[in-house]
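> Here it is, the structure in full.
The values are calculated or read from the model by the stated rules, or taken from the named source; none is laboratory data. Bear in mind the structure is a predicted one, so any value in this text is a computation, not a measurement. Don't worry about glycine lacking a Cβ; one is built from the backbone with ideal geometry, like all the others, and counts go over all protein chains shown.
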């Protein structure tokens with residue numbers, strides 16, 4: 001349920017024009033998950049009040065005490081009945097093995113994204129579908145991918161990494177930026193259906209940010225007959241883009257006779 005809460009809060013803040021510079025939506029979602037849906041309004045407010053954030057500094061017109069009470073009431077009303085979001089069940093169990101594998105090699109954004117691909121394909125395929133049998137994706141699947149990547153990166157990198165979502169760049173917004181203390185790696189996420197998209201958009205962000213490398217994560221929702229090869233590297237004017245294809249529409253394995 002935590003991912004549903006996070007997405008709701010991010011949309012809620014966006015509709016109200018509130019800047020979320022330090023992932024306050026994720027922190028509130030975690031707080032709500034900790035106390036549980038049966039907690040009282042007072043308990044929920046106390047848990048939110050413990051959060052350290054620059055959210056209210058960036059949105060100075062908000063009165064923190066009033067807004068926290070409003071957040072608690074809104075969340076309790078919307079999520080008052082516990083919902084088991086099976087699409088995300090077990091996704092968090094991917095973090096610890098990924099951390100171990102990453103410690104065994106030189107940390108790189110490429111390694112982190114390949115671990116993310118591994119985690120999604122193993123435990124979060126259904127996060128993108130209302131009905132995979134009918135080929136009906138959930139609304140705003142790119143936002144789902146953003147949320148998963150942000151949570152995964154924070155879970156794997158901890159305090160050693162900084163994860164930025166919807167990072168302003170020129171007249172647009174980079175989907176996700178990840179830093180290990182140095183430069184921010186630019187990551188664009190796209191749903192891959194028929195045609196490859198996102199390269200020109202990412203190239204524009206690379207040019208604006210003065211970067212020669214970018215990463216294009218493709219959530220591959222194509223059926224088997226629609227699939228053709230995706231280039232691993234795309235050369236653009238600012239430099240090169242590396243693609244990472246995540247298969248969220250795999251073939252169902254058939255039982256074999258032994």
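> Condition test on residue 157, is it modelled with pLDDT under 90 and crowded, with 19+ Cβ neighbours inside 10 Å? Even if it seems obvious, please write down each step before you answer.
Numbers: modelled with pLDDT under 90: yes; crowded, with 19+ Cβ neighbours inside 10 Å: yes.
So residue 157 passes the test.
> Mind telling me which of the residues 3, 13 ends up being over 27 Å from residue 90 (Cα atoms) and either outside the structural domain of residue 65 (by TED's automatic domain parsing) or surrounded by 16 or more Cβ atoms within 10 Å (Cβ to Cβ) (or both)? Working first, answer last.
On the way: 3 fails: over 27 Å from residue 90 (Cα atoms).
It is 13.
> Return the residues of region 238-258 that are over 20 Å from residue 112 (Cα atoms) and either surrounded by 15 or more Cβ atoms within 10 Å (Cβ to Cβ) or at pLDDT 95 or above (or both); say none if nothing qualifies.
Matches in region 238-258: 238, 239, 249.
> Can I ask one more? Considering only region 20-27, I want to know if a residue exists there that is touching a helix residue (DSSP H, G or I) at 6+ places or on another chain (Cβ under 9 Å), surrounded by fewer than 16 Cβ atoms within 10 Å (Cβ to Cβ) and not assigned by TED's automatic domain parsing to the domain that holds residue 187.
Initial filter on region 20-27 (touching a helix residue (DSSP H, G or I) at 6+ places or on another chain (Cβ under 9 Å)): 20-27.
If we keep only those that are surrounded by fewer than 16 Cβ atoms within 10 Å (Cβ to Cβ) too, we end up with 21.
Restricting the remaining residues to those that are not assigned by TED's automatic domain parsing to the domain that holds residue 187 gives 21.
Checked region 20-27: at least one residue is touching a helix residue (DSSP H, G or I) at 6+ places or on another chain (Cβ under 9 Å), surrounded by fewer than 16 Cβ atoms within 10 Å (Cβ to Cβ) and not assigned by TED's automatic domain parsing to the domain that holds residue 187.
> If you don't mind, another one. Only one of (1) at pLDDT 90 or above; (2) over 21 Å from the mean Cα position of the chain (by Cα) fails for residue 82. Which number is that?
Only one criterion is unmet by residue 82, namely (1).
> Please enumerate the residues belonging to region 194-217 that are surrounded by fewer than 22 Cβ atoms within 10 Å (Cβ to Cβ) and within 15 Å of residue 145 (Cα to Cα).
The answer is 198, 215.
> Turning to a different aspect of this structure: Residues that are under 26 Å from residue 145 (Cβ atoms) and free of Cβ contacts under 8 Å to residues at least 60 places away in the same chain, at least 2 per element: which helices (runs of 4 or more DSSP H) completely within region 4-73 meet that? Please lay out each step first, then the result.
Numbers: elements: 24-35, 41-49, 55-58.
Fully inside region 4-73 and qualifying: 24-35, 55-58.
> Here are 230, 252: which of them is outside the structural domain of residue 179 (by TED's automatic domain parsing) and in a loop (DSSP other than H, G, I, E, B)? Break it down into steps so the answer makes sense when it comes.
Working: 230 fails: outside the structural domain of residue 179 (by TED's automatic domain parsing).
The match here is 252.
> Name the residues in region 180-192 that are over 13 Å from the mean Cα position of the chain (by Cα) and crowded, with 16+ Cβ neighbours inside 10 Å, would you?
184, 185, 186, 191, 192
> What is the one condition in (1) within 25 Å of residue 129 (Cβ to Cβ); (2) out of contact with any helix residue (DSSP H, G or I) (no Cβ under 6 Å at 6 or more places or on another chain) that residue 204 does not satisfy?
(1)
> Give region 85-105 a look and list any residue that's modelled with pLDDT of 85 or more and over 17 Å from the mean Cα position of the chain (by Cα), or say none. Step through it out loud before you land on a result.
Residues of region 85-105 modelled with pLDDT of 85 or more: 94-103.
96, 97, 99, 100, 101, 102, 103, listed by residue number.
> Here is a follow-up. Of the numbered conditions (1) in contact (Cβ under 8 Å) with a residue 12 or more places away in the chain; (2) on the phi < 0 side of the Ramachandran plot, residue 168 fails exactly one; give the number of that condition.
(1) is the only condition that residue 168 fails.
> Same structure, new question: Would you point out the residue of region 114-140, among those that are on the phi < 0 side of the Ramachandran plot and within 13 Å of the chain's Cα centre (by Cα), that is modelled with the lowest pLDDT?
Start the filter on region 114-140 by keeping residues that are on the phi < 0 side of the Ramachandran plot, which leaves 114-134, 136-139.
Narrowing further to those that are within 13 Å of the chain's Cα centre (by Cα): 116-117, 119-120, 124, 127-128.
On the way: 116: 96, 117: 97, 119: 95, 120: 95, 124: 91, 127: 88, 128: 92.
Looking at the filtered set, the residue picked out is 127.
> Can you find even one residue in region 78-95 that is touching a residue at least 24 places away in the same chain (Cβ under 8 Å) and at positive phi?
Checked region 78-95: at least one residue is touching a residue at least 24 places away in the same chain (Cβ under 8 Å) and at positive phi.
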